[in-house]
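Read the structure below first, then the notes.
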Amino acid sequence: MRVWYFSEMAYHPAWDEGLKRGSLRVVYPNKVVDPHDAHKLLHRYLDEFAYCDEAGLDIMVNEHHSTATCMTVSVPMALAIIARETKTARLLSLGNPIANRPDPVRVAEEMAWLDVLSGGRLEMGLVKGAPYEIHPANSNPARLMRRYWEAHDLILKAMSTTDGPFSWEGEYYHYRAVNIWPRPLQQPTPPVWMTGLSIDSGIAAAERGHVIATLLSGSVAKPMFDAYRKRAAELGRTAGPDRFAYAACIGVGATREEGLKRAHLIADYVRTAPVVYEPFTNPPGYNSVNANVAMLKAGPAGRSFVKDRKGNAVDHRTASVEQFMETDTVFAGTPDDVYQQIKDFNDRIGGFGHLLFFGQGGHLSHADTMDNIRLFAKEVMPRLKDLNAGSAKRTAAE
Amino acid sequence: MAVTTSIAGVELEIVERGAGPPLLFLHAGEGLGAERPWLDLLARTHRVIAPTHPGWGGSMLPDWIGSVDDLAYLYLDLADKLKLSDATLVGCSFGGWIAAEMMVRSSARFSRVVLAAPLGIKVSGRDERDIADMHAMSQAELLAHTWADPAKGTVDMATLSDAALRGVVGGREALCLFGWRPYMHNPRLKPWLHRIDKPALLIWGAADRILSPTYRKGWAEALPQARSVTIAGAGHYPHWEQPDAFARAVRGEG
């Protein structure tokens with residue numbers, strides 16, 4: 001199993017005010033930001049990313065817009081810095097919200113440039129993006145996935161074509177001469193990742209052999225991964241654990257209390273992320289017709305919930321760290337605890353090869369963040385390396 | 001009862017009611033509402049032909065349809081197929097935008113056009129909004145902007161059938177497809193409105209908070225031949241909120 005540390009580089013000093021206003025995103029005016037504080041925080045967060053390389057972790061960066069929860073506005077910009085500050089960590093962009101990008105060829109150029117700069121350490125996520133990204137990008141939510149797939153196909157063609165230029169006259173994108181320089185170091189393209197929540201996403205990723213990642217909900221991960229495995233089998237392929245990624249908030253401590261306390265602070269990310277003004281949560285077209293019909297029937301009470309392992313609904317906005325452990329949103333405690341929770345989860349969902357380690361969620365201090373990374377890398381990660389390769393043998397020996 | 005008709009390969013649901021001079025009714029983004037009173041009121045004096053736009057209700061939205069231009073040509077095709085002559089063209093809100101796009105292309109089958117709170121044009125400067133961002137409002141705010149009496153506009157979705165809900169969801173997505181960017185207008189429409197060479201009537205709701213006063217004035221100036229009627233006790237949907245007054249206005253009695 002590979003472990004990818006990430007944080008959203010939160011601007012948490014503005015959280016309390018945003019929670020009071022009922023939206024941390026889109027309509028929350030940026031005068032609340034003190035750019036000098038933001039300056040210090042960005043450097044701190046980049047130091048934390050750089051430390052992961054020393055500790056032996058891989059690194060993931062994502063982006064959001066117009067929000068106090070995430071100051072990373074550009075994955076390629078952040079990864080460009082991190083690529084220069086690190087030597088061995090693989091660098092995961094998860095990712096470029098390509099249906100919200102007007103210029104897919106620019107995405108291909110930036111990703112190829114990063115791959116060359118990093119010496120072939122890039123993994124390339126092409127993502128749909130969250131619903132509340134639609135308004136800041138002013139991208140049309142109708143037919144979003146049709147645009148996504150056209151951008152996806154164009155980016156991969158741009159990165160893998162070596163005898164260009166080629167032309168593209170599609171439904172959404174038009175180019176007369178696509179011929180990116182430099183081309184990526186990993187040929188034909190760096191590994192491609194997607195994110196998803198649904199069975200349909202699992203099937204779509206399986207058909208292309210991409211890695212599929214999902215975040216913070218075990219009850220969502222299992223059916224999607226199962227759908228991937230089933231579709232891959234139908235196509236005559238085997239989908240190993242390296243096709244599956246799962247993001248969780250992880251707090252490790254010298255004691256169980258310390259681990260839980262760290263996870264509690266990191267989980268503030270999960271509590272704040274869904275706090276967004278109602279109309280931006282589900283722009284028409286973002287979700288499928290069937291999903292929207294189900295939501296209309298459920299009414300407003302149906303939103304922002306995940307299911308725990310017993311099938312109970314848990315509200316992300318108010319959940320305790322213990323509740324989050326029941327939804328597999330959080331792994332927390334001593335290194336032994338955390339290892340055991342990850343191992344159990346891995347067994348329950350049929351094996352996953354990439355753990356996305358949410359290790360900073362706002363109010364966790366720099367010292368605690370660094371210690372959390374250090375403890376995880378030193379005490380937990382070595383035991384995860386061959387989790388899927390050797391799990392059957394270990395189970396038999398126990 | 002709706003029948004399905006194929007126009008340019010698009011399966012469209014069409015309601016037809018009443019007898020008399022033809023009237024083509026183009027519904028708002030909220031849907032046709034054939035069970036509500038306005039079509040029946042118009043049908044007392046007219047042969048009312050009311051299609052459900054592609055994507056809404058049970059009308060199909062093929063992949064190749066994606067702009068209001070397409071809808072304008074689709075309904076011009078429908079008017080040809082029905083051999084309409086001297087028809088009244090009525091459009092409410094989004095339907096008004098489609099009606100105007102039709103009339104600048106060809107007014108041959110129509111004797112007059114009625115635009116009720118039409119979307120579709122840009123009047124003010126680039127940092128001023130003419131049409132409120134209906135997709136950046138909570139449900140309560142939207143009702144307050146759209147209705148003189150918001151209680152009248154509340155629809156209990158939980159009571160609708162799955163088929164009806166699919167029609168609602170499809171319509172919401174289709175409205176975004178046609179009107180997301182530029183938001184609910186075509187920057188190229190206003191310069192061509194002079195081509196509307198038939199009598200025109202503009203109907204406004206006195207309590208409409210979706211359309212700015214400057215915007216309404218922009219329509220009146222672009223259609224110098226148009227008469228304007230403002231209906232009291234109505235917001236952005238005069239046909240829904242004050243159907244009697246709306247029908248009287250369409251008949252020229254307002």
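The values are calculated or read from the model by the stated rules, or taken from the named source; none is laboratory data. Computed from a prediction, not measured in an experiment: that's the story for all the values here. Don't worry about glycine lacking a Cβ; one is built from the backbone with ideal geometry, like all the others, and counts go over all protein chains shown.
Scanning the stretch A:24-64 for residues that are assigned to a loop (DSSP other than H, G, I, E, B) and of a type in the set (S, T, N, Q) gives a single hit, A:N62. Can you spot a residue in the stretch A:47-63 that is closer than 30 Å to A:R176 by Cβ and not β-branched (V, I, T)? Yes, because at least one residue in the stretch A:47-63 is closer than 30 Å to A:R176 by Cβ and not β-branched (V, I, T). Residue count for the stretch B:10-62, restricted to those that are in a loop (DSSP other than H, G, I, E, B) and touching a residue at least 40 places away in the same chain (Cβ under 8 Å): 20. Report whether or not B:G91 is at pLDDT 95 or above, under 20 Å from B:K198 (Cα atoms), part of a helix (DSSP H, G or I) and small (G, A, S). In short, no. If you check B:A222 against the conditions, is it in contact (Cβ under 8 Å) with a residue 24 or more places away in the chain, touching a helix residue (DSSP H, G or I) at 6+ places or on another chain (Cβ under 8 Å) and more than 14 Å from chain A (Cβ to nearest Cβ)? Spelling it out, B:A222 is indeed in contact (Cβ under 8 Å) with a residue 24 or more places away in the chain, touching a helix residue (DSSP H, G or I) at 6+ places or on another chain (Cβ under 8 Å) and more than 14 Å from chain A (Cβ to nearest Cβ). Answer with yes or no whether A:L92 is more than 17 Å from A:E133 (Cβ to Cβ) and in a strand (DSSP E or B). Answer is yes for this residue.
One line per residue, one yes/no per condition, for (1) away from chain B (no Cβ under 14 Å); (2) within 26 Å of A:V73 (Cβ to Cβ); (3) outside any helix (DSSP H, G or I):
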residue: A:H135; (1), (2), (3): no, yes, no
residue: A:P141; (1), (2), (3): no, yes, yes
residue: A:Y148; (1), (2), (3): yes, yes, no
residue: A:L154; (1), (2), (3): yes, yes, no
residue: A:K157; (1), (2), (3): yes, no, no
residue: A:D163; (1), (2), (3): yes, no, yes
residue: A:Y172; (1), (2), (3): no, yes, yes
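Of all residues in the stretch B:97-127 being without any contact (Cβ under 8 Å) to a residue 24 or more places away in the chain and more than 22 Å from A:E133 (Cα to Cα), which is nearest to the other protein chains (Cβ to nearest Cβ)? Of everything passing the filter in the stretch B:97-127, B:R126 is nearest to the other protein chains (Cβ to nearest Cβ). Considered as a group, the residues in the stretch A:238-254 that are surrounded by fewer than 22 Cβ atoms within 10 Å (Cβ to Cβ) and touching a Lys or Arg at 6+ places or on another chain (Cβ under 9 Å) include one that is nearest to A:N388 (Cα to Cα), and that residue is A:D242.
Only one entry in A:G129, A:G120 is among the small types (G, A, S), within 27 Å of A:S7 (Cβ to Cβ) and modelled with pLDDT under 95, namely A:G129.
What number of residues within the stretch B:159-206 are assigned to a helix (DSSP H, G or I) and within 14 Å of another protein chain (Cβ to nearest Cβ)? Number of matching residues: 19.
Residues that are farther than 18 Å from B:F94 by Cβ and out of contact with any Leu (no Cβ under 8 Å at 6 or more places or on another chain) within the stretch B:5-39 comprise B:G9, B:E11, B:E16, B:A19, B:G20, B:P21, B:E35, B:P37, listed in sequence order.
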